[in-house]
1. Here is a list of conditions, (1) in contact with a strand residue (DSSP E or B) (Cβ under 7 Å, 6 or more places away or on another chain); (2) surrounded by fewer than 16 Cβ atoms within 10 Å (Cβ to Cβ), and Asn135 meets all of them except one; can you say which number that is?
2. Among the residues of the stretch 102-148 satisfying the criterion of being touching a residue at least 60 places away in the same chain (Cβ under 8 Å) and not in a strand (DSSP E or B), which is nearest to the chain's Cα centre (by Cα)?
3. Filter the stretch 76-135 down to the residues that are in contact with a helix residue (DSSP H, G or I) (Cβ under 6 Å, 6 or more places away or on another chain) and closer than 19 Å to Gln169 by Cα and list them by number.
4. Quick check on the stretch 47-61. Is at least one of its residues closer than 28 Å to Leu156 by Cα and modelled with pLDDT of 95 or more?
5. Pull up the stretch 158-184, narrow it to residues that are in contact with a strand residue (DSSP E or B) (Cβ under 7 Å, 6 or more places away or on another chain) and aliphatic (A, V, I, L, M), then point me to the one that is farthest from Glu30 (Cα to Cα).
6. Any idea which of Arg179, Arg107, Arg146 is at pLDDT 95 or above, more than 17 Å from Glu59 (Cβ to Cβ) and of a type in the set (D, E, K, R)?
7. So in the stretch 44-79, with the set limited to residues that are closer than 12 Å to Glu178 by Cα and small (Gly, Ala, Ser), which one is surrounded by the most Cβ atoms within 10 Å (Cβ to Cβ)?
Amino acid sequence: MSGFRRAALLAVALLVARAAHAAPAEIVVEAAREGDAYVITARGDLEADAGLAWRVLTEYDRYPEFVPDLHSSRTVSRGADGAVVEQRGELRFLWVRVPLEVRYEIRERPPSVVESRATGGSFREMTGRYELVQNGGTLRVAYTGRLVPDFAMPPLIGTIVVRRNVERQFTAMIGEIERQSAARR
């Protein structure tokens, strides 16, 4: 086989291998403090199918398998348009760990919106919204949330603590969507 032919075959093999492995998601997480509340926005752009992402987002009982610091997630009840879910976990910063418990009412609006509201637990207020937007082969997973903890947060570093914890968990969610997408290819 000639050197040119070998080089051409290698180039084709590299292109095929590259196409089989999607680029990793681009993830951006921001947090700001507004009075007692922390306001969070996050987004991840990845090569994935919205239907698969929807499945990952709404399989609440599986969350502890891939979301860091979440010890349990249990669907208490499920109705036509959502679920009630209880979760236990912790908020971490350096060596400090704060135990958390939350009971959510979750409203599902297939195929693209999941909204949650805490009805009990470690927060005076906690709302969140995931939205899936498919644009060709690229999927944007967007999250907005607002939380008011029912425990003391250090004023100077509270925003950093919240952002880092949300970033770890959101990145894990996106990672699970990517892992399942890769398994389907």
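The values are calculated or read from the model by the stated rules, or taken from the named source; none is laboratory data. Predicted, not measured: the structure shown is a model, and the values here were computed from it. Glycine also receives a Cβ, built like all others from the backbone with ideal geometry; neighbour counts cover every protein chain displayed.
1. (1)
2. Step by step, filter the stretch 102-148, then rank; the result is Ser112.
3. Val85, Leu91, Phe93, Val114, Tyr130, Leu132
4. Step one: of the stretch 47-61, the residues closer than 28 Å to Leu156 by Cα are none.
No, because not a single residue in the stretch 47-61 is closer than 28 Å to Leu156 by Cα and modelled with pLDDT of 95 or more.
5. Ile177
6. The conditions single out Arg146.
7. Ala53
One line per residue, one yes/no per condition, for (1) more than 16 Å from Asn165 (Cβ to Cβ); (2) among the polar types (S, T, N, Q):
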position	(1), (2)
Pro64	no, no
Pro68	no, no
Thr75	yes, yes
Arg78	yes, no
Ala83	yes, no
Pro111	yes, no
Arg117	yes, no
